[in-house]
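So the structure is just underneath, and the comments pick up after that.
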Amino acid sequence: MLLSKGFEVEMYTGTPQGEIVGLSDKITAALHGFVREPDSRNVEYTTPPLYGYDRLLCNLVRPRRDLRAYLQTLGNYTIHPGSTLSLGDSQRFWRSDPSNPYHDYIEQTYGATVVTASIHINIGIEDPEMLMRACRLVRLEAPLFLALSASSPFLDGQVTGAHSRRWSVFPKTPAQVPLFTSHDHFIQWTEQQLVLGTMQNVRHLWSSVRPNGDRRPYNLNRLELRICDLVSDPIALLAITAFLEARLMQLFDQPDLDPLVSSSLSIEELGAIADDNEQAAAYHSLDAELRHWQDGRTIIARDWIEELYPELWAIAKSRGFSCFLSPLKKILREGNEAQRWLAAYEQGQDIRTIIQQGIQDMSDREAMLEEQICQGIAA
């Protein structure tokens, strides 16, 4: 039995020349399933929870095709890859809903550091204690998923020095989030943060991974991995998701994979390692030097993923989704989007040309998937 999976997809809109343009007010008014972000330059859509990867692929592609068609009615507009304002302007905040008091707080507190695009991967887990166990493991391995997905090396037309500029500056909130030892611990901690004002509401937990559900923190039904940059290639995103699903299946079969059980480190040390590894992955992605949560040993992110891959491929094969995991090897071989963009820059391409090519590649890829795979698959 596969786990249910769904995505929250944030994307920028703009011109084929690379200028990002705020259109979310028009998009959300015209298209079902799209919602505003605080800044009008990006927009979000959500896929329904699905078990099968083929339908999941098409539920990723079809809203983008609908959005592209609508954008053409407004002018020569398109969708942009990447997770930061690659060509600018990060100094201004373009409010999408000036009357929203929560948006007031976000703009005044964080400014444009939160004007990013990303992918949130949601995996259905009904049992709350199993969900907490999953959150502990994924929190400590979240840097591997950032390493695979990094796509924000540029900001305002400049090389930033980070592969994920988005996560290197993202205002994780609250600043210190513990590893939750139980569902009760999560409830008590959340209630305390709301009293202290370190969280404005139950949604205001901005960490690499969090438990989620219809009535947080009490009724929970899914793990939400929030660390990934925007993965413009749906096939690559499904490979990253398959990697996560297979790892969770392994945890369910082997509960001792819980870091609270099998690590030689204290819970405080584990939290510090998680935070340090996230920053290392934000700057160097697959080449980042990380510390392993089991014993603190040093390991390169790419090597850690390679080490896990054979076990997880066997699990995926036994459950019938190994073909969706296999493209992960291409990411390890050729690099994530940030690494490929930086390689092109080092070979002499300017940033605007790189982004323009990324815009075209993204559009071509979606058209190919729609034509070759999705036409015969029900939504």
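The values are calculated or read from the model by the stated rules, or taken from the named source; none is laboratory data. Everything numeric in this text was worked out from a predicted model, so none of it was measured. We place every Cβ from the backbone using ideal geometry, glycine too, and count neighbours over all the protein chains shown. Ligands, DNA and RNA are excluded from the accessible area calculation, which covers all protein heavy atoms including side chains. Shrake-Rupley method; radii C 1.70, N 1.55, O 1.52, S 1.80 Å.
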Consider LEU85 carefully, then state whether it is at negative phi, open to solvent by less than 10 Å² (accessible area, probe 1.4 Å) and at pLDDT 95 or above.
yes
Determine whether region 46-62 contains at least one residue that is outside any helix (DSSP H, G or I), over 18 Å from ILE377 (Cβ atoms) and in contact (Cβ under 8 Å) with a residue 24 or more places away in the chain.
yes
When region 270-294 is checked residue by residue, the ones that are open to solvent by less than 90 Å² (accessible area, probe 1.4 Å), closer than 25 Å to THR173 by Cβ and of a type in the set (D, E, K, R) are ASP275, GLU278
Can you find even one residue in region 331-352 that is assigned to a helix (DSSP H, G or I), open to solvent by less than 30 Å² (accessible area, probe 1.4 Å) and more than 18 Å from SER152 (Cα to Cα)?
no
Is there any pair linking a residue in region 13-32 that is under 14 Å from ILE355 (Cβ atoms) to one that is open to solvent by 70 Å² or more (accessible area, probe 1.4 Å), with Cβ under 8 Å and at least six apart or on different chains, and which?
THR15/ASN76; PRO16/ASN76; PRO16/GLN360; GLN17/ARG352; GLY18/ARG352
Just need a number here: residues in region 145-159 that are in contact with a Lys or Arg (Cβ under 9 Å, 6 or more places away or on another chain) and either open to solvent by less than 10 Å² (accessible area, probe 1.4 Å) or at pLDDT below 95 (or both).
6
Look through region 368-379, keep the residues that are without any contact (Cβ under 8 Å) to a residue 40 or more places away in the chain and either part of a helix (DSSP H, G or I) or within 22 Å of the chain's Cα centre (by Cα) (or both), and return whichever of them is surrounded by the most Cβ atoms within 10 Å (Cβ to Cβ).
MET368
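To keep it simple, each residue is scored yes or no on (1) of a type in the set (Phe, Trp, Tyr); (2) open to solvent by 30 Å² or more (accessible area, probe 1.4 Å); (3) without any contact (Cβ under 8 Å) to a residue 60 or more places away in the chain; (4) part of a helix (DSSP H, G or I).
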| residue | (1), (2), (3), (4) |
| --- | --- |
| SER99 | no, yes, yes, no |
| GLY111 | no, no, yes, yes |
| THR116 | no, no, no, no |
| SER168 | no, no, no, yes |
Criterion (within 19 Å of LEU237 (Cα to Cα) and either of a type in the set (Phe, Trp, Tyr) or without any contact (Cβ under 8 Å) to a residue 60 or more places away in the chain (or both)) met by exactly one of ARG365, ARG340:
ARG340
Hey, can you tell me all the residues within region 63-91 that are assigned to a loop (DSSP other than H, G, I, E, B) and either touching a Cys at 6+ places or on another chain (Cβ under 8 Å) or of a type in the set (Ser, Thr, Tyr) (or both)?
TYR77, SER83, THR84, SER86, SER90
Filtered residues of region 170-197 (kept if part of a loop (DSSP other than H, G, I, E, B) and closer than 25 Å to GLU141 by Cα):
PHE170, PRO171, LYS172, PRO174, ALA175, GLN176, VAL177, PRO178, LEU179, PHE180, THR181, SER182
Hits in region 50-82 - residues which are of a type in the set (D, E, K, R) and either modelled with pLDDT under 95 or open to solvent by 10 Å² or more (accessible area, probe 1.4 Å) (or both):
ASP54, ARG55, ARG62, ARG65, ASP66, ARG68
By residue number, the members of region 25-40 that are at pLDDT 95 or above, open to solvent by less than 30 Å² (accessible area, probe 1.4 Å) and outside any strand (DSSP E or B) are ILE27
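Provide a single number: the residues in region 213-232 that are within 23 Å of LEU60 (Cα to Cα) and either among the basic types (Lys, Arg) or surrounded by fewer than 22 Cβ atoms within 10 Å (Cβ to Cβ) (or both). Even if it seems obvious, please write down each step before you answer.
Step one: of region 213-232, the residues within 23 Å of LEU60 (Cα to Cα) are 213-214, 221-232.
Filter again for either among the basic types (Lys, Arg) or surrounded by fewer than 22 Cβ atoms within 10 Å (Cβ to Cβ) (or both), leaving 213-214, 221-222, 224, 226.
Result for region 213-232: 6.
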With the condition kept exactly as written, say whether any residue in region 69-79 is farther than 30 Å from LEU342 by Cα, free of Cβ contacts under 8 Å to residues at least 60 places away in the same chain and among the hydrophobic types (A, V, I, L, M, F, W, C).
yes
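Filter region 243-269 down to residues that are of a type in the set (Phe, Trp, Tyr) and under 26 Å from PHE170 (Cβ atoms), then give me how many there are. Can you show your working first?
Of the residues in region 243-269, the ones of a type in the set (Phe, Trp, Tyr) are 243, 252.
Now drop any that are not under 26 Å from PHE170 (Cβ atoms), which leaves 243.
Count: 1.
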